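A quick write-up on the structure given underneath.
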Amino acid sequence: MSLPSDLTSLHLVAFALLFAAWWLYSPILSLFGRGTLNAQLSIVRLRWMRLSTQRAQRPFDAILLNQIISSVAFFGSASLIVLAALLGTFANVTSVHAVLSQLQFVAPMSIELLAANLSVVVLILGISFFAFTYSLRKLIYTVALSGGLPDQAEETPQSTIQIEATATVLTEAVRSFNNGIRGYYYAVAALFLLLGPVPCIIATCTVMAMLFYRQTLTTTARAIGTYVDAVNAEENSRK
């Protein structure tokens, strides 16, 4: 199998940057302070699980978990539908190439390079789909663990272990979900490959800058940071 004749090193850089920006996002963000909002909210989820054991009834907790599960299931289904549509384009790639060739803002490319560019989008969305389904499985585990938490006003060493384990599984489920959501952002950046490798590189950097901004400088990020600080201060005062 030969590579497209018009595939350049700049295309390879654009491909590599897409996946590097996606997978190195969390490690890079952790170097600049608190880390991702998901990492900060792990403290809040631990508090949530701890408080749930002190409630006589837990309909509120069940509703929250159900909402999270519904959201993950929706994105998983949507990813599958989009993947099916994109895979369908390969059956008519000649017609798609003919239409795109008539658009002046689309960079000239061979059918092989068009297929390669679409394959990158399909790969990103495919990985996102598996992230959503894995998140859904972890949430099912969370439901079982949460349902098995003891009802009591005060924690014991054994219940503390159970609470922390449940919160950890929930955080891991949300982590997988967030990874899938970020895949959507980078799939949009990958579509800029149709305009050329340079627009794709610019789009990838723009997406990454936007995600960093949302995680660190927005009002929401600052409010969550304040909330986590208050939770930590409350926990420290009890020790």
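Out of all the residues in the stretch 185-202, is one or more more than 20 Å from Met49 (Cα to Cα), out of contact with any strand residue (DSSP E or B) (no Cβ under 6 Å at 6 or more places or on another chain), open to solvent by 70 Å² or more (accessible area, probe 1.4 Å) and touching a residue at least 24 places away in the same chain (Cβ under 8 Å)?
yes
Cβ-Cβ distance below 6 Å, separation of 6 or more or different chains: which pairs start in the stretch 36-54 with a residue that is closer than 12 Å to Leu149 by Cα and in contact (Cβ under 8 Å) with a residue 40 or more places away in the chain and end on one that is in a helix (DSSP H, G or I) and open to solvent by 40 Å² or more (accessible area, probe 1.4 Å)?
Pairs that qualify, where the first residue is closer than 12 Å to Leu149 by Cα and in contact (Cβ under 8 Å) with a residue 40 or more places away in the chain and the partner is in a helix (DSSP H, G or I) and open to solvent by 40 Å² or more (accessible area, probe 1.4 Å): there are none.
So which of Arg175, Arg222 is assigned to a helix (DSSP H, G or I), of a type in the set (Lys, Arg) and free of Cβ contacts under 8 Å to residues at least 24 places away in the same chain?
Exactly one residue qualifies, and that residue is Arg222.
Given the criteria touching a helix residue (DSSP H, G or I) at 6+ places or on another chain (Cβ under 6 Å) and modelled with pLDDT of 90 or more, does Ala78 qualify?
Spelling it out, it is not the case that Ala78 is touching a helix residue (DSSP H, G or I) at 6+ places or on another chain (Cβ under 6 Å) and modelled with pLDDT of 90 or more.
Quick one: what pairs do we get from the stretch 141-164, first residue farther than 16 Å from Ile63 by Cα and in contact (Cβ under 8 Å) with a residue 60 or more places away in the chain, second surrounded by 11 or more Cβ atoms within 10 Å (Cβ to Cβ) and among the small types (Gly, Ala, Ser), C-beta under 8 Å, 6+ apart or different chains?
Leu149/Ser52; Leu149/Ser159; Pro150/Ser159; Gln152/Ser159
For the stretch 155-207, which residues satisfy the criterion of being more than 19 Å from Phe105 (Cβ to Cβ) and of a type in the set (Val, Ile, Thr)?
Residues satisfying the conditions are Thr156, Thr160, Ile161, Ile163, Thr166, Thr168, Val169, Thr171, Val174, Ile181, Val207.
Look at Gln158 and say whether it is surrounded by fewer than 19 Cβ atoms within 10 Å (Cβ to Cβ), assigned to a helix (DSSP H, G or I) and at pLDDT below 90.
In short, yes.
Considering only the stretch 85-106, I want to know if a residue exists there that is small (Gly, Ala, Ser), touching a residue at least 60 places away in the same chain (Cβ under 8 Å), in a helix (DSSP H, G or I) and within 30 Å of Arg214 (Cβ to Cβ).
no
Given the residues Ala223, Ala209, which is the only one that is open to solvent by less than 70 Å² (accessible area, probe 1.4 Å) and under 17 Å from the mean Cα position of the chain (by Cα)?
Exactly one of Ala223, Ala209 is open to solvent by less than 70 Å² (accessible area, probe 1.4 Å) and under 17 Å from the mean Cα position of the chain (by Cα), namely Ala209.
The values are calculated or read from the model by the stated rules, or taken from the named source; none is laboratory data. Everything numeric in this text was worked out from a predicted model, so none of it was measured. As a convention, Cβ positions derive from the backbone with ideal geometry for all residues, glycine included, and neighbour counts pool all protein chains shown. Calculation scope for accessible area: heavy atoms of the full protein, side chains included, ligands and nucleic acids excluded. Shrake-Rupley method; radii C 1.70, N 1.55, O 1.52, S 1.80 Å.
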